[in-house]
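*Asks:* Questions regarding the structure given below will be posed in turn.
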Amino acid sequence: MTDDRVDSALAFGTGTSSDHADGIRWVDYTNISWNPVFCKRCDICIEICPKDTLVMRNDAVIEVENCILCGLCERYCPDLAIEMIPSAVEAHAARSAERRTSEGAATAD
Ligand code: SF4
Ligand code: SF4
C-alpha cells in the first residue's frame, strides 16, 4: 500500500543518524531510522505496521505518527533498512515502566 497522507510539515526526516558508523546516510524520524540506500521500496514495512504509521511518498518511506515501537517494521524489512531509534525505545520503555508503577500504586490504594 502506498499513501500520500503525510503533510508537508513533516518534511523528510529530522536529520541523519549518528548511531550508524557505516558511513551510509540514514534518515531519522521520531521513532525510526530509514536507510534510502538499503531500501528496495517493497512496501512490506508499510503493510505490516499495525498503526499505519509508515507511508511511501516520493520514493521515500516516511514515519507519520502513532508509532508504538512494536518493532515489526525492523524485524520484517528484508534489507535491514529500518531500525528503531535506541533513544526512542528507551523513552518508550521508561514511559511504560512509569505507567505500570502508577497503575500498581493506584491498585494498592
Ligand atoms: S515500530 Fe511498529 S508501529 Fe512503529 S512504524 Fe514500525 S511497525 Fe509501525
Ligand atoms: S520493508 Fe524495508 S526495503 Fe521494504 S519498503 Fe520498507 S524499509 Fe524499504
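*Asks:* Name the one entry in Ile82, Ile62 that is among the β-branched types (Val, Ile, Thr), within 8 Å of ligand 1 (Cβ to nearest atom), at pLDDT 95 or above and closer than 22 Å to Cys42 by Cβ.
*Replies:* Ile82
*Asks:* Check every one of the helices (runs of 4 or more DSSP H) wholly within the stretch 22-109 and list those with 1 or more residues that are surrounded by fewer than 18 Cβ atoms within 10 Å (Cβ to Cβ) and within 13 Å of ligand 2 (Cβ to nearest atom).
*Replies:* Helices (runs of 4 or more DSSP H) meeting the threshold: 44-48, 72-76.
*Asks:* Considering only the stretch 43-59, state which residues are at pLDDT 95 or above and either touching a helix residue (DSSP H, G or I) at 6+ places or on another chain (Cβ under 8 Å) or of a type outside the set (D, E, K, R) (or both).
*Replies:* Within the stretch 43-59, Ile44, Cys45, Ile46, Ile48, Cys49, Pro50, Thr53, Leu54, Val55, Met56 meet the criteria.
*Asks:* Test Ile32 against the stated conditions and say whether it is under 20 Å from Glu90 (Cα atoms) and modelled with pLDDT of 65 or more.
*Replies:* Here the answer is yes, as Ile32 does meet what is asked.
*Asks:* Which residues, taken from the stretch 65-75, are within 6 Å of ligand 1 (Cβ to nearest atom) and in contact (Cβ under 8 Å) with a residue 40 or more places away in the chain?
*Replies:* Cys73, the sole residue that qualifies.
*Asks:* Which condition from (1) at pLDDT 95 or above; (2) away from ligand 1 (no atom under 16 Å from the Cβ); (3) in contact with a strand residue (DSSP E or B) (Cβ under 9 Å, 6 or more places away or on another chain) is the one that Lys40 breaks?
*Replies:* (3)
The values are calculated or read from the model by the stated rules, or taken from the named source; none is laboratory data. Keep in mind that this is a model prediction, so the values were computed, not measured. With ideal geometry, Cβ positions are generated from the backbone for all residues, glycine too; neighbour counts draw on all protein chains shown.
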